[in-house]
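The values are calculated or read from the model by the stated rules, or taken from the named source; none is laboratory data. Quick caveat: nothing in here was measured; it's all calculated off a predicted structure. As a convention, Cβ positions derive from the backbone with ideal geometry for all residues, glycine included, and neighbour counts pool all protein chains shown. The accessibility values were calculated without ligands, DNA or RNA, using every heavy atom of the protein model including side chains. Shrake-Rupley method; radii C 1.70, N 1.55, O 1.52, S 1.80 Å.
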Amino acid sequence: MNMTLSFTNAFDVALPPEQTWKLLQQLDLIAPCLPGGTLTEWDGGDHFAGEVKTKLGPMRMTFGGKGRITLRDTDAHRIQISGEGVEGKGRGRAQAEFGFVLAENDDGTTRVTSNAEVTLIGAVAQYGRGAGMIQALADELTRQFAANLACLIETGEAGEASLSITKLAGRAIATRFRRSEET
């Protein structure tokens, strides 16, 4: 079974684009901002390896994988990353294309717009059946990454980095519910 999901999200960073660009190039600093993410190898350039740990109810999953930066456009503040990982207990794998572009806000801060296309392969693909829920989870992951990045900028240390799909799902459902009440 395969399932491909696409996401676009955005958040603001309280730094000008040049400083944000430099910060986002330092994978060893920003990796702890990704909920559940750990950078295990980085050549200081375009190749890296890592793992993402998650919990879905009582089930724990760890994806280990490798990635590389396939496009780095300093002038346009745009980056593309390609990666793939395998779930440690053989329940499937994932492939992803991820990118972001930076733009300056009116107040001099930075707007980061990210896009991702993720393909889940094998048994893990069954978790992607609820595409609306997965989008809500992607929104929450982006929110948490942005909050952790803000904490890194302010204190020099990333915020909470654990990833519980159950916990994130609860937050995502609450957010979706609030949005539907507003409309």
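For segment 9-54, the set of residues classified as closer than 15 Å to ALA103 by Cα and among the polar types (S, T, N, Q) consists of ASN9, GLN19, THR20, listed by residue number.
Scanning segment 54-62 finds one or more residues that are open to solvent by less than 50 Å² (accessible area, probe 1.4 Å), β-branched (Val, Ile, Thr) and in contact with a helix residue (DSSP H, G or I) (Cβ under 6 Å, 6 or more places away or on another chain). If the condition is being out of contact with any Phe, Trp or Tyr (no Cβ under 9 Å at 6 or more places or on another chain) and not in a helix (DSSP H, G or I), then segment 115-126 contributes THR119, ILE121. Restricted to segment 88-101, and to residues there that are open to solvent by less than 60 Å² (accessible area, probe 1.4 Å) and not β-branched (Val, Ile, Thr), the residue that is farthest from VAL13 (Cα to Cα) is ARG91.
Contact map, segment 138-156: first residue in contact (Cβ under 8 Å) with a residue 24 or more places away in the chain and among the small types (Gly, Ala, Ser), second residue open to solvent by 50 Å² or more (accessible area, probe 1.4 Å) and assigned to a loop (DSSP other than H, G, I, E, B), Cβ cut-off under 8 Å, separation 6 or more or different chains; pairs are ALA150/ALA14.
Residues that are surrounded by fewer than 16 Cβ atoms within 10 Å (Cβ to Cβ), at pLDDT 65 or above and not polar (S, T, N, Q) within segment 125-150 are absent altogether. Based on what the data block shows, is LEU163 surrounded by 14 or more Cβ atoms within 10 Å (Cβ to Cβ) and modelled with pLDDT under 90? Against the criterion (surrounded by 14 or more Cβ atoms within 10 Å (Cβ to Cβ) and modelled with pLDDT under 90), LEU163 qualifies.
Counted as qualifying within segment 1-114 are the strands (runs of 3 or more DSSP E) with 2 or more residues that are free of Cβ contacts under 8 Å to residues at least 40 places away in the same chain, namely 37-42, 47-56, 59-73, 78-87, 93-104.
Table: residues versus (1) loosely packed, with under 15 Cβ neighbours inside 10 Å; (2) among the hydrophobic types (A, V, I, L, M, F, W, C); (3) modelled with pLDDT of 90 or more.
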site: PHE11; (1), (2), (3): no, yes, yes
site: GLN19; (1), (2), (3): yes, no, yes
site: GLN26; (1), (2), (3): yes, no, yes
site: ALA31; (1), (2), (3): no, yes, no
site: GLY37; (1), (2), (3): no, no, no
site: ARG68; (1), (2), (3): yes, no, yes
site: LEU71; (1), (2), (3): yes, yes, yes
site: VAL86; (1), (2), (3): no, yes, yes
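The residue that is most open to solvent (accessible area, probe 1.4 Å), among those in segment 107-124 that are of a type in the set (S, T, N, Q) and closer than 24 Å to LEU23 by Cβ, is ASN115. A single member of GLU51, GLU104, GLU41 is in contact with a helix residue (DSSP H, G or I) (Cβ under 6 Å, 6 or more places away or on another chain), charged (D, E, K, R) and either within 25 Å of CYS151 (Cβ to Cβ) or open to solvent by less than 70 Å² (accessible area, probe 1.4 Å) (or both), and it is GLU104. The lone criterion from (1) crowded, with 17+ Cβ neighbours inside 10 Å; (2) touching a Phe, Trp or Tyr at 6+ places or on another chain (Cβ under 9 Å) left unmet by SER82 is number (1). Looking at GLY44, GLY85, GLY65, which is the one that is more than 20 Å from SER114 (Cβ to Cβ) and of a type in the set (Gly, Ala, Ser)? Result of the check over GLY44, GLY85, GLY65: GLY44.
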